[in-house]
1. Restricting to region A:27-51, give me the number of residues that are more than 12 Å from the chain's Cα centre (by Cα), over 18 Å from A:PRO97 (Cβ atoms), free of Cβ contacts under 8 Å to residues at least 24 places away in the same chain and part of a loop (DSSP other than H, G, I, E, B).
2. For B:LEU5, state whether it is over 22 Å from A:LEU89 (Cα atoms) and in a loop (DSSP other than H, G, I, E, B).
3. List the residue pairs whose Cβ atoms are under 7 Å apart, where the first residue sits in region A:57-73 and is basic (Lys, Arg), the second is within 13 Å of DNA strand D (Cβ to nearest atom), and the two are 6 or more positions apart or on different chains.
4. What tally of residues in region B:58-78 results from selecting those that are buried (at least 16 other Cβ atoms within 10 Å of the Cβ) and within 16 Å of DNA strand C (Cβ to nearest atom)?
5. Given the options B:ARG94, B:ARG98, B:ARG19, B:ARG84, name the one that is within 13 Å of chain A (Cβ to nearest Cβ), part of a loop (DSSP other than H, G, I, E, B) and basic (Lys, Arg).
6. For region A:18-26, indicate whether the set of residues that are under 20 Å from A:ARG98 (Cα atoms) and either among the acidic types (Asp, Glu) or within 11 Å of DNA strand C (Cβ to nearest atom) (or both) is non-empty.
7. Any residue in region A:24-42 that is buried (at least 18 other Cβ atoms within 10 Å of the Cβ), within 14 Å of another protein chain (Cβ to nearest Cβ) and of a type in the set (A, V, I, L, M, F, W, C)?
2 protein chains.
Amino acid sequence: MGDHLDLGAALTALANDLRRGIIAELARLPADAEQERACGSFDLPVTKATKTHHFRVLREAGLITQRDHGNGSAITLRRAEIERDLPGLLGLLRAAPRQAR
Amino acid sequence: MGDHLDLGAALTALANDLRRGIIAELARLPADAEQERACGSFDLPVTKATKTHHFRVLREAGLITQRDHGNGSAITLRRAEIERDLPGLLGLLRAAPRQAR
DNA sequence: CACCACGTATGATGCAAGTCATACCTAATT
DNA sequence: AATTAGGTATGACTTGCATCATACGTGGTG
């Protein structure tokens, strides 16, 4: 089994409102912008332990990569891989209305 | 709020392998074919009570309609509504490799 | 160096979800 | 009318998931 993305894992990850919001935010970044974004810059109504959990789920689904700075860390959307294996998924998330939190 | 499909509900419904398989089968039907399909014609490795449960989840997510015959019942994919509110979703499911069961 | 901010690891908890057994309903068949 | 087959309703059980508290690690900053 290669490194191709699994639809089931992706949909399971994106079924959660918070995780879907994270990916939608990244997907809405302009294509010419800096793609990496600090984990702390996401305003999520949960404790940091729970944030860690959600980023892990997204990482294990292959939707993001995460870079560690010791303190601080940042994530990047795996745009190319997602478009290759799950074409249309990002467009779907981008088009969806922003979540009311 | 109207009858427009909710992305979260749709992804939650489709995160399950069995339910995703059902929708994928329907999505792969040729566009000119009979769209309705008997519930019993789906070969799912669960009891009929569990089948009822899964069809209900799909119905409540707005992905299918269900017609009752007293005995027997059949479901139809809500193609138009899905394409209108969640464009690209069916293509994603159609393209995905068939599930190993 | 002490401190603080950001993140991770682990364990506990509460709730949602998938599954089944059982009982029941409806329509077709014998 | 009794039987059978496809679905549904309900309740129980089990597993998974989201969340938090707590403790710990890492690296800037005063």
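FYI, it's all coordinate maths here, none of it is from the lab. Everything numeric here is computed off the predicted structure, so don't read it as measured data. Reconstructed Cβ throughout: ideal geometry from the backbone, glycine too, with neighbour counts over all protein chains shown.
1. Total satisfying the criteria: 6.
2. So B:LEU5 does not fit the description; no.
3. If the second residue must be within 13 Å of DNA strand D (Cβ to nearest atom), the pairs left are A:ARG67/A:SER73.
4. So the answer is 6.
5. Numbers: B:ARG94 fails: part of a loop (DSSP other than H, G, I, E, B); B:ARG19 fails: part of a loop (DSSP other than H, G, I, E, B); B:ARG84 fails: part of a loop (DSSP other than H, G, I, E, B).
Only one candidate passes the filter, namely B:ARG98.
6. Taking region A:18-26 as the starting set, the residues that turn out to be under 20 Å from A:ARG98 (Cα atoms) are A:18-26.
With the extra rule that they be either among the acidic types (Asp, Glu) or within 11 Å of DNA strand C (Cβ to nearest atom) (or both), the set shrinks to A:25.
Yes; the residues of region A:18-26 include at least one that is under 20 Å from A:ARG98 (Cα atoms) and either among the acidic types (Asp, Glu) or within 11 Å of DNA strand C (Cβ to nearest atom) (or both).
7. Yes, region A:24-42 contains a residue that is buried (at least 18 other Cβ atoms within 10 Å of the Cβ), within 14 Å of another protein chain (Cβ to nearest Cβ) and of a type in the set (A, V, I, L, M, F, W, C).
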